[in-house]
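Undergrad: Before anything else, here's the structure in question.
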C-alpha cells in the first residue's frame, strides 16, 4: 500500500501540477490576449493620431500654398505698379537737363528784368529832370513877366 499510496501521491502531485500548469497557461493566455488587445488598441489609436496629423498637415500645406499664391500675386501686382511708376517718372539725367534749361531761361529773364528796371529808373530820372526844367522855365518866365511889369510901372 505504501507503494500504491506513493504512486497515488505522485499522480496527485502530477495532476495538481498539470492543473496548475493549465491554470497558469490560461492565465498567461489571458494576459497575452489582453496584451495583444492593448497593443492593437494602441496601434489603432496611433494610426488614428497619425492619420489626423497627416490630414491636418495636408490642410496646413494647402492653406500655406494658397497664402503663398496670394502673396505672389500681390507681390507681382506691386512689382508691376513699381515698374509702371518707374516708366512714368523722369530720370535724373533728363531732369538735370530740364532744370538746367529752366535755370538758363530764368537767368535770361532776370537779366531782362534788371534791364527794364534800369530803363525805368533812367526814364524816371529824365522825367524828374524834365519837370525841373519846366519848373525852372516857368519860374524864369514868371520873373521876366514880373520884371516887365515892374519896369512898365516905372515907365508910366
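Read the figures in this text as sums done on the coordinates, not as results from a lab. Quick caveat, the model's predicted, so the values are computed rather than measured. Quick reminder, even Gly has a Cβ in these numbers, built from the backbone with ideal geometry, and neighbours come from all protein chains shown.
Undergrad: Determine which member of the set 85, 27, 68 is in a helix (DSSP H, G or I) and loosely packed, with under 10 Cβ neighbours inside 10 Å.
TA: After applying the criteria, what remains is 85.
Undergrad: Yes or no: residue 79 surrounded by 10 or more Cβ atoms within 10 Å (Cβ to Cβ) and within 60 Å of the chain's Cα centre (by Cα)?
TA: yes
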